[in-house]
Each structure stands twice: as C-alpha cells, then as structure tokens.
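Just below is one structure, and these are the notes that go with it.
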Amino acid sequence: MPDPDFPPGFVSLVSAGPGDPELLTLKAARRLSQADVVLFDDLASGPVLDHAGPQAELIAVGKRAGRPSARQEAVNALIVSHAQAGRRVVRLKSGDSGIFGRLEEELTALTQAGIPFEIVPGVTSASAAAAAMGIPLTRRLTARRVQFITGADVTGQLPGDINWAALADPSVTTVVFMGQRSFPLLAQGLIAHGLPGDTPAMFAEAVGHPGQRLLRSTVADLARLLQDQGPASQPGLILYGPLAFPPQTA
C-alpha cells in the first residue's frame, strides 16, 4: 500500500550512516524501498543502495575533495525538479546529514520551492568509529564534553577562526571531520596552546566499508604520519582526547 507519509512530490532526506548497510535505520531502508528516485552521495552508495526498490532511478551526485564533483546548486535543482515532477525523492547522504553534510542548503532550496520534506537521521561516522575502536565518546568524570569540528573550510584549508582554548582542552573528546590534510597544522596549534603532544589520538579511515582502517596513536605522532602520508585516498576522521585509547585491562 502507498505510504501516506511519503506521497508523490515529497522529499525524504535520508542519512545512510557510515557505509555499513546494517547500520541503516529501519525508516531509512523503508524510504529507499519506496522511492521513485534516489540521489546519492559517493559515500552512501555500494550495498546501501541494495535497499532501493526496482522502480527507483539511481542518480550519483557525490562531492569529494580533490575530485570532479556535482555543484551543490545543481544537486539542489535536481532534488526540486524531481519532486515537482511528482516523484517520491530520497536524497541519500552519508553519515548523519545534519553533521557537516550541507543539509541546510538543501532544506533552504526545498523550502523556497514549497516542497514538503522530512529528515531521517542516521549513525554519524564519529559514533561508528568510536564503536569500531571499542571506546565511548564520553566518560563521567574525565570526558564530560564531546565536540565535533571540521578540519577544512570552504577552500579545503584549516579554518582561520579556531577556538584554540576549546580544542586544546585535554578533558574533552574532540572529533575532527575532513581533517586528514589539515591535521598536521591543527596539531601544531593545539600543542602550542597547551595540549600535550602525547594526548591519545586515533585515525579511522573508510569507517563502515570493507577497507576500514583504524589506527591508535598520539596527537604528535598522528600529525607526523598524516604529513608523510600525502593526499588521502579514502575519507577519514580523527578523534583525540582522554578516550582515544581503550580502557586498560587488569
């Protein structure tokens, strides 16, 4: 039976999680099975798209740093045009679309066009990476705050308006999205503002995908490794703070 909550001309902004199809929410899987068209990011492809129904047209609109990518304005226009044509549209975004996912730009385009929509949240790669490492993101006494930051501004460089006091706080769990290229410079600033260079750090690459790579290190050593590694071939994120190492067993 048709779902009255997903009628023709409606857009469902679906978060795909980090890439493992088993981390999709039930609602995300249902919306994929109902969609007439799925506009998907590179990182929200692969086995996740197996949940799309046979009637769905699949359109890649991914954006990746350093690669030819669809312009956001073009993506917005595609979403609007398919909805105005009376199709049930899923805009499939990786991780949780509300965290550095350019979700607001698409919401603005839909609102201006008068198109009804919903947001289906998902598992962010930060939570997935911590789980894969066997650690929590918070601890009752020594990590009572967690902060998500971006390591890149619109030019791909380290943002210039950094709150160094907040980021160099050793009692906070900090997760850096899109930071492989800029982390050596970020680490230099963190250490200059008082964060010990031996603060635990971890690097998670291609979380939730078959090529997933997890590395435990320290802020200083990880900065050196990423400096020597060169351009990243896979998306990754960095976590540093008191919880970046798993609890010690007796």
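The values are calculated or read from the model by the stated rules, or taken from the named source; none is laboratory data. Every value quoted in this text rests on a predicted model; they were computed, and no experiment measured them. Virtual Cβ from ideal backbone geometry, glycine too; neighbours counted across all protein chains shown. Note: accessible area is taken over every heavy atom of the protein model, side chains too, but ligands, DNA and RNA are not part of it. Shrake-Rupley method; radii C 1.70, N 1.55, O 1.52, S 1.80 Å.
Can you go through Ser94, Ser171 and tell me which one is modelled with pLDDT under 95, open to solvent by less than 60 Å² (accessible area, probe 1.4 Å), of a type in the set (S, T, N, Q) and in the same structural domain as Pro235 (by the TED database)?
Ser171
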Exercise for review: Select, from Leu226, Leu243, the only residue that is part of a loop (DSSP other than H, G, I, E, B) and modelled with pLDDT of 85 or more.
Suggested key: Leu243
Point to revise | Test for Thr25: is it closer than 30 Å to Gly211 by Cβ and either open to solvent by 30 Å² or more (accessible area, probe 1.4 Å) or in contact (Cβ under 8 Å) with a residue 40 or more places away in the chain (or both) | key: yes
Review point. Is it fair to say Ile162 is among the aliphatic types (A, V, I, L, M) and either in contact with a helix residue (DSSP H, G or I) (Cβ under 6 Å, 6 or more places away or on another chain) or assigned to a loop (DSSP other than H, G, I, E, B) (or both)?
Key: yes
Check your understanding: What are the residues in the stretch 178-199 that are within 23 Å of Ala131 (Cβ to Cβ) and modelled with pLDDT under 95, if any?
Key -> Met178, Gly179, Gln180
Review point. So, of the residues in the stretch 12-22 that are at pLDDT below 95 and either of a type in the set (S, T, N, Q) or assigned to a helix (DSSP H, G or I) (or both), which turns out to be least open to solvent (accessible area, probe 1.4 Å)?
Key: Pro21
Check your understanding: Is the stretch 67-84 home to any residue that is open to solvent by 10 Å² or more (accessible area, probe 1.4 Å), closer than 29 Å to Val172 by Cβ, of a type in the set (S, T, N, Q) and part of a loop (DSSP other than H, G, I, E, B)?
Key -> no
Exercise for review: Could you run through the stretch 28-58 and say how many residues are open to solvent by 40 Å² or more (accessible area, probe 1.4 Å) and outside any helix (DSSP H, G or I)?
Suggested key: 4
Check your understanding: Of (1) polar (S, T, N, Q); (2) surrounded by fewer than 18 Cβ atoms within 10 Å (Cβ to Cβ); (3) in a loop (DSSP other than H, G, I, E, B); (4) within 17 Å of the chain's Cα centre (by Cα), Gln147 satisfies all except one. Which?
Key -> (3)
Study note, to complete from the structure: Given the conditions (1) within 24 Å of Ser182 (Cβ to Cβ); (2) free of Cβ contacts under 8 Å to residues at least 40 places away in the same chain; (3) open to solvent by less than 50 Å² (accessible area, probe 1.4 Å), every one holds for Thr155 apart from (3)
